[in-house]
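Participant: Okay, handing you the structure first.
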Amino acid sequence: MAGAPANAVAAAAPGTPAPATHPFVRRILVATTVAFLTLFIVIPVANVFAQALSKGVDAYVRVLHVARPPEGARLNPAERRKLAAERDQAEKTWSSIRLTAAIAAIVVPLNVVFGLAAAWSVTKFRFKGRSLLVALIDLPFSVSPVIAGLVFVLLLGRNGVFGPWVGNWTWPDPFSLHWRGFALDWWPLEFTRSFTGVIFTPLAIALASIFVTFPFVARSLIPLMDTQGSGEEVAALSLGASGWRTFLKVTLPNVKWALLYGVILCSARAFGEFGAVSVVSGHIDSNDTMPLRIEKLWNEYNNQAAFTVASLLTLLAVVTLIIQMIVERNTGRNVIAAVEGEETMR
Amino acid sequence: MSENAAAGGAPQRSPAGKAFHSRTHSSRLVPGLPLTLGYTLFYLSGLVLIPLAAMVFKTAQLSWSEFWHTVNDPIVVASFRLTFGASAIAAIVNGVFGLIVAWVLVREPFPGRRLFDALIDFPFALPTAVAGLTFSSLYLANGWIGGLGRHIAGSINGVAGLAGFGEVLSADALSWLSFPYTNTNAGVVIVLIFVGLPFVVRTVQPVLRDWDTEYEHAALSLGANRWTILCRVILPEIFPAWLSGLALAFARAIGEYGSVIFIAGNIPGKSQIAPLQIVTKLDDFRYSQATAIGVVLLALSLLILLAINGLEWWARRHETGAAR
């Protein structure tokens, strides 16, 4: 009896309206809720934008872009130094935005392919160790971000397990690709910078980001694909469609909302990850992602600039929530809570 | 009976959990198992299992005395105490307020309810560094909320000054309104409350939404008062979901790093959390010590999750057993 109300049949046919709460109690409860959510969510989020714009729109833009002085302008040395410092800061901020976007561009497609493969193998087939596999896919959720960074330091760092092998490996920085022309050789492009080793380079940041964003796509796909079963796929296959065609024309359209949501959640986390990235970045300026840049600006007492970078990430969070609402309307389930909240639920 | 047993397991726990139900699978017809499973295992082991194994491997290289010496260091012990204490307080606060919020969002319509409902997921979507930044600017002594008393006193004096009365209040007359967070670890708790806020709400909400109000009407007609209904009819039904929400909030808070380091004082032995201890040791290139702390943190958080999940499983089982 106690288990009955929670099952779907009872939910589908709600009985009489619930007995009303006493008006006085009701008022207290609503007031508590509004006050709690205002103090802990509304004000902090509004504060990000308020602080970012506290010195006006001009100052907000100057964090990201400082124009060159007009031709022939006369600047005294102090002004010139100030301008150069500002341009330097803006360039660092931009480089953090570029790096973060590049990391997300690497991490998200890899996790999408993995998520689709994992969801397909876990939901379309029954095999030994299947629930263990599902548990292992969830594992990164229960690991502290700092530990996620730590394991890569222990694996790839100087004294790490693979340290002796990867420590001297030199690889080119993709951002330094330059047009050299045909004067020297038949090949016109060249890299002007390179990295040595893996840890404390953008590659390590990408690895750590993959680790922490690992389960998102798989988690948003697995429950949905499990509910849908494989009836439609079997129908398509028995009518002679190939496996790939079945996947592209039957499975993919069925899970498109969940996939979109997994991608959004994965990229939001890839943009916002702090702990894991902080550990493997080695506090080097060129390795700063946006959250690390926020920390550096905060430590330099440049609050308004820190909040400006933070406001960009907050906008991303707002977009995530809006897409979550659209997906919820289309699929009838709260995906974000299903993905984040089910860390241990199986 | 068998159906009841199936419904008592995972599917009931959350709306999406329904999915984990076995259907008739025609595994023989659907292709792609070797490819997808092979890729899944390759990717999983390359990026998650081998790195985690590296940590276990490095721990195995530690001598027992070295391990014990690291973990028993007073500074490290203090950081563990702070991490677990603050996480527990934050989880309990979230347990109380999360229950109220979930109840109001499901049962008490008020203007703006949909907006507040959507806002609950913000802590999931907002990067932790941003959360730490904005909370530390708000709740520390010089922030809007942290210095509320000083701000109010200041503005009253300002208005009085404009009206020509001079200073009405001394600057610290309303200091009881200011939160004395600068030298305490209350800021850590506050930001951990934010981080864990959605878990309890989002686990309790679906249970309340699917709750059949017939039971309340039945209890009312049998002469039970509101308080009895709440304690004897509704709360037992919510309890397992509430407990698992609590466990999730607690587990998330233990591992939290990004938001806490912005607001905490980060003084060794006083206001450093355990993840920060790991980072500090890493920055000093003391890898073995960092590993030791990491292993303890990982083991403790997994153990607590396991324990609370076991408790929850027991509660659910106990309950269905009593109902039969």
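Participant: Quick check: anything in segment B:244-252 part of a helix (DSSP H, G or I), away from every other protein chain (no Cβ under 11 Å) and modelled with pLDDT of 80 or more?
Facilitator: Yes.
Participant: Further question: For segment A:185-207, what are the residues that are part of a loop (DSSP other than H, G, I, E, B) and within 14 Å of chain B (Cβ to nearest Cβ)?
Facilitator: Residues satisfying the conditions are A:VAL198, A:ILE199, A:PHE200.
Participant: Failed condition for A:LEU132, given (1) surrounded by fewer than 17 Cβ atoms within 10 Å (Cβ to Cβ); (2) more than 13 Å from chain B (Cβ to nearest Cβ); (3) not charged (D, E, K, R), with all others met?
Facilitator: A:LEU132 satisfies all of (1) surrounded by fewer than 17 Cβ atoms within 10 Å (Cβ to Cβ); (2) more than 13 Å from chain B (Cβ to nearest Cβ); (3) not charged (D, E, K, R) except (2).
Participant: Among the residues of segment B:69-84, what is the count of those that are surrounded by fewer than 15 Cβ atoms within 10 Å (Cβ to Cβ) and free of Cβ contacts under 8 Å to residues at least 60 places away in the same chain?
Facilitator: Here the count works out to 4.
Participant: Additional query: Has segment B:237-253 got at least one residue that is closer than 15 Å to B:VAL189 by Cα and surrounded by fewer than 21 Cβ atoms within 10 Å (Cβ to Cβ)?
Facilitator: Scanning segment B:237-253 turns up no residue that is closer than 15 Å to B:VAL189 by Cα and surrounded by fewer than 21 Cβ atoms within 10 Å (Cβ to Cβ).
Participant: I've got another one for you. Identify all residues within segment B:291-311 that are closer than 19 Å to A:LEU150 by Cβ and either within 9 Å of chain A (Cβ to nearest Cβ) or touching a helix residue (DSSP H, G or I) at 6+ places or on another chain (Cβ under 9 Å) (or both); write none if there are none.
Facilitator: Passing the criteria: B:THR291, B:ALA292, B:ILE293, B:GLY294, B:VAL295, B:VAL296, B:LEU297, B:LEU298, B:LEU300, B:SER301, B:LEU302.
Participant: Would you mention how many residues in segment B:206-220 are more than 7 Å from chain A (Cβ to nearest Cβ) and over 17 Å from B:PRO240 (Cβ atoms)?
Facilitator: Number satisfying all stated conditions: 2.
For every residue, the table says whether it meets (1) over 30 Å from A:PRO174 (Cα atoms); (2) surrounded by 15 or more Cβ atoms within 10 Å (Cβ to Cβ); (3) away from chain B (no Cβ under 14 Å).
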| site | (1), (2), (3) |
| --- | --- |
| A:VAL30 | yes, yes, no |
| A:SER54 | yes, no, no |
| A:PRO69 | yes, no, yes |
| A:LEU83 | no, yes, yes |
| A:ASP88 | no, no, yes |
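Participant: Something else about it: Between a residue in segment B:28-41 that is in a loop (DSSP other than H, G, I, E, B) and any residue that is of a type in the set (A, V, I, L, M, F, W, C), which pairs come within a Cβ distance under 7 Å, given they are 6 or more apart or on different chains?
Facilitator: Going by the 7 Å Cβ cut-off, the qualifying pairs are B:LEU29/A:VAL234; B:LEU29/A:LEU237; B:VAL30/A:VAL234; B:VAL30/A:LEU237; B:GLY32/A:TRP120.
Participant: Next question. Quick check, is A:VAL198 in contact (Cβ under 8 Å) with a residue 24 or more places away in the chain, in contact with a Gly (Cβ under 7 Å, 6 or more places away or on another chain) and not charged (D, E, K, R)?
Facilitator: no
Participant: Here is a follow-up. Is it true that A:ILE284 is at pLDDT below 90, of a type in the set (A, V, I, L, M, F, W, C) and out of contact with any helix residue (DSSP H, G or I) (no Cβ under 8 Å at 6 or more places or on another chain)?
Facilitator: yes
Participant: Quick one: is B:LEU208 farther than 19 Å from B:GLU108 by Cβ, in a helix (DSSP H, G or I) and not basic (Lys, Arg)?
Facilitator: No: the conditions fail for B:LEU208.
Participant: Then there is this: Can A:LYS124 be described as among the basic types (Lys, Arg) and crowded, with 22+ Cβ neighbours inside 10 Å?
Facilitator: yes
Participant: Something else now. Out of (1) among the acidic types (Asp, Glu); (2) surrounded by 15 or more Cβ atoms within 10 Å (Cβ to Cβ); (3) more than 8 Å from every other protein chain (Cβ to nearest Cβ), what's the single condition that is false for A:ASP285?
Facilitator: Evaluating A:ASP285 over (1) among the acidic types (Asp, Glu); (2) surrounded by 15 or more Cβ atoms within 10 Å (Cβ to Cβ); (3) more than 8 Å from every other protein chain (Cβ to nearest Cβ) leaves (2) as the failure.
Participant: A further question on this structure: If you scan segment B:85-116, which residues turn out to be surrounded by fewer than 18 Cβ atoms within 10 Å (Cβ to Cβ), more than 7 Å from every other protein chain (Cβ to nearest Cβ) and more than 26 Å from B:PRO275 (Cα to Cα)?
Facilitator: Hits for segment B:85-116 are B:VAL96, B:PRO109, B:PRO111, B:GLY112, B:ARG113, B:ARG114, B:LEU115.
Participant: Okay, moving on. Of all residues in segment B:271-324, how many are part of a loop (DSSP other than H, G, I, E, B) and either at pLDDT 85 or above or in contact with a Lys or Arg (Cβ under 9 Å, 6 or more places away or on another chain) (or both)?
Facilitator: Within segment B:271-324, residues that are part of a loop (DSSP other than H, G, I, E, B) and either at pLDDT 85 or above or in contact with a Lys or Arg (Cβ under 9 Å, 6 or more places away or on another chain) (or both) number 6.
Participant: From the list B:ILE263, B:ILE229, B:ILE278, exactly one residue is in the same structural domain as B:VAL191 (by TED's automatic domain parsing), buried (at least 16 other Cβ atoms within 10 Å of the Cβ) and under 30 Å from A:VAL161 (Cβ atoms). Which is it?
Facilitator: It is B:ILE278.
Participant: Now for a separate question. For segment A:299-308, state whether one or more residues are surrounded by fewer than 24 Cβ atoms within 10 Å (Cβ to Cβ), in contact with a Phe, Trp or Tyr (Cβ under 9 Å, 6 or more places away or on another chain) and closer than 27 Å to B:TYR287 by Cα.
Facilitator: no
Participant: Residues that are within 20 Å of A:ILE97 (Cβ to Cβ), without any contact (Cβ under 8 Å) to a residue 24 or more places away in the chain and not hydroxyl-bearing (Ser, Thr, Tyr): list the helices (runs of 4 or more DSSP H) wholly contained in segment A:232-318 that include at least 2 such residues.
Facilitator: Per the criteria, A:290-299.
The values are calculated or read from the model by the stated rules, or taken from the named source; none is laboratory data. Computed from a prediction, not measured in an experiment: that's the story for all the values here. Don't worry about glycine lacking a Cβ; one is built from the backbone with ideal geometry, like all the others, and counts go over all protein chains shown.
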